[in-house]
1. Does any residue of the stretch A:309-327 turn out to be exposed (fewer than 13 other Cβ atoms within 10 Å of the Cβ) and touching a helix residue (DSSP H, G or I) at 6+ places or on another chain (Cβ under 9 Å)?
2. Answer yes or no: is there a residue in the stretch A:112-129 that is touching a helix residue (DSSP H, G or I) at 6+ places or on another chain (Cβ under 7 Å), modelled with pLDDT under 95 and closer than 26 Å to A:Asp219 by Cβ.
3. Sort through A:Ser146, A:Ser103, A:Ser37 and tell me the only one that's within 14 Å of another protein chain (Cβ to nearest Cβ) and under 20 Å from A:Gly283 (Cα atoms).
4. Which members of the stretch B:56-67 meet the condition of being among the acidic types (Asp, Glu) and more than 8 Å from chain A (Cβ to nearest Cβ)?
5. Mind checking whether some residue in the stretch B:48-57 is within 22 Å of A:Pro77 (Cα to Cα) and modelled with pLDDT of 95 or more?
6. Within the stretch B:14-55, track down each residue that is in a loop (DSSP other than H, G, I, E, B) and within 7 Å of chain A (Cβ to nearest Cβ).
7. Of (1) touching a strand residue (DSSP E or B) at 6+ places or on another chain (Cβ under 6 Å); (2) under 13 Å from A:Glu240 (Cβ atoms); (3) facing chain B (nearest Cβ under 9 Å); (4) hydrophobic (A, V, I, L, M, F, W, C), A:Leu319 satisfies all except one. Which?
Amino acid sequence: MTAPEGRSVGAASVTVRVVHYLNQFFAGAGGEDAAGSPPARHDGPVGPGRRLAQLLGDGFEVVATVSCGDDWAATTPGAADAIVDLAAEAAPDVVVAGPAFTSGRYGLACARVVAAAAARGLPAVASMHEDNPGLDEAGAVPVVASGPVARHMAASLDALAPAVVAVAAGQPVVEHRIGKVPRVAKLSRYNAAERAVHLLLARLHGDTAATEVPLPRFDSVTPAAPVADPGHALVALVTEGGLVPDANPDQLESARATKWLRYGFDDHGRGLAPGRYRSVHGGFSTVAANEDPNRIVPLDAARRLVDQGAIGRLHGEWLVTTGNGTSVGNARRFGVEWAGELRRLGVQAALLTAT
Amino acid sequence: MCNLVSIARRVGAPRIVPTRGIPWPAGDPSLPPAQEADWRERLLRTALAAVATHVEGPTVFEVAADE
């Protein structure tokens, strides 16, 4: 990114103009109740932006803050451009988004905002946890690692501030950088054959990580063969929506789940009765789910489909975990264990409700 | 069945059915109860059609619009 014409970045007499993007919660506009709010621009720093401004110090000014509801930002077509439009009104030299921690919608929004800003020639940088599912949408724009939760705000801002300085100066971001890093041409004293042999020798000595080209993070999943006739199949309902019996007897966590659980359907009812179950998922407002638990585990509709012959048989329990800041390692393990367990039970298809 | 389809694609989920909201994957509280029940059934039917369909990679199956 070239510095805007006419400005000498870092020169004593010219202040770098920073616009900060935050979600509704960190902007103080409300919690899940405000997740649908459209973008709004505020003068100066807001919330954590104040600490960021302090860390950036002289020579930088957070001239404006754009905030937006997480749902609006993550699901409205053109959201990122609408947010950058507002940011652009304050004539920024740099756009900063986050820290988003492990919040999926917020991380997605931050990644798209900085990507949209960069597409318009605006230097930008985002901050989120390396497990944030939105990370890859930042493309080539620098993203720095934050802690996993808001409790780590101070340390996360400490890591973000130097990255803002670097981006504003057109320098590469190196410290705490996560996500895709664009390739840079470098002259090596060893030719490719020599480097390949060095890597092979490293492998033989037990270094399984050394590589010149990191493989992409995308998961490659071999799709299961289709079920010939669901009307004759045994089907299971599974969820990461955290739906458990009301007392949460096995203490399923609201975030960073370390376990998964299984609960039998009560065969007396046609569906899951409100009041007897609740969602413990900490990543969204569970009011609607608790009013009607079938919104998370659709037992009532599944039973009707069995009656109508669209499903052969419904497995008599649901498998559940909480998909909120779940570590990739745990999530992968849960999936493997679910597949093994369902296969052992003769289940042929699993319908997952994800939140 | 999920709301953030781009994330499902990225993690390689082979069969994806878009839902109407993160807090209600199998619901739609903006609808009166009878219509919400109908939506839930159509969502599950779409999911069943998806598991009965051969796919090569992440594939999105949209629930057909209301009649």
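1. Looking through the stretch A:309-327, at least one residue is exposed (fewer than 13 other Cβ atoms within 10 Å of the Cβ) and touching a helix residue (DSSP H, G or I) at 6+ places or on another chain (Cβ under 9 Å).
2. no
3. Answer to the check: A:Ser103.
4. Within the stretch B:56-67, B:Glu62, B:Asp66, B:Glu67 meet the criteria.
5. no
6. Answer for the stretch B:14-55, where residues must be in a loop (DSSP other than H, G, I, E, B) and within 7 Å of chain A (Cβ to nearest Cβ): B:Pro14, B:Ile22, B:Pro23, B:Trp24, B:Pro25, B:Ala26, B:Gly27, B:Pro29, B:Ala52, B:Thr53, B:His54, B:Val55.
7. Of the numbered conditions (1) touching a strand residue (DSSP E or B) at 6+ places or on another chain (Cβ under 6 Å); (2) under 13 Å from A:Glu240 (Cβ atoms); (3) facing chain B (nearest Cβ under 9 Å); (4) hydrophobic (A, V, I, L, M, F, W, C), the odd one out for A:Leu319 is (3).
This table checks each residue for (1) in contact (Cβ under 8 Å) with a residue 24 or more places away in the chain; (2) of a type in the set (A, V, I, L, M, F, W, C); (3) surrounded by fewer than 13 Cβ atoms within 10 Å (Cβ to Cβ).
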{"residue": "A:Leu157", "(1), (2), (3)": "yes, yes, no"}
{"residue": "A:Leu160", "(1), (2), (3)": "yes, yes, no"}
{"residue": "A:Leu187", "(1), (2), (3)": "no, yes, yes"}
{"residue": "A:Val197", "(1), (2), (3)": "no, yes, yes"}
{"residue": "A:Leu204", "(1), (2), (3)": "no, yes, yes"}
{"residue": "A:Ala210", "(1), (2), (3)": "no, yes, yes"}
{"residue": "A:Gly231", "(1), (2), (3)": "yes, no, no"}
{"residue": "A:Leu237", "(1), (2), (3)": "yes, yes, no"}
{"residue": "A:Ala247", "(1), (2), (3)": "no, yes, yes"}
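The values are calculated or read from the model by the stated rules, or taken from the named source; none is laboratory data. Computed from a predicted structure; not experimentally measured. Glycine also receives a Cβ, built like all others from the backbone with ideal geometry; neighbour counts cover every protein chain displayed.
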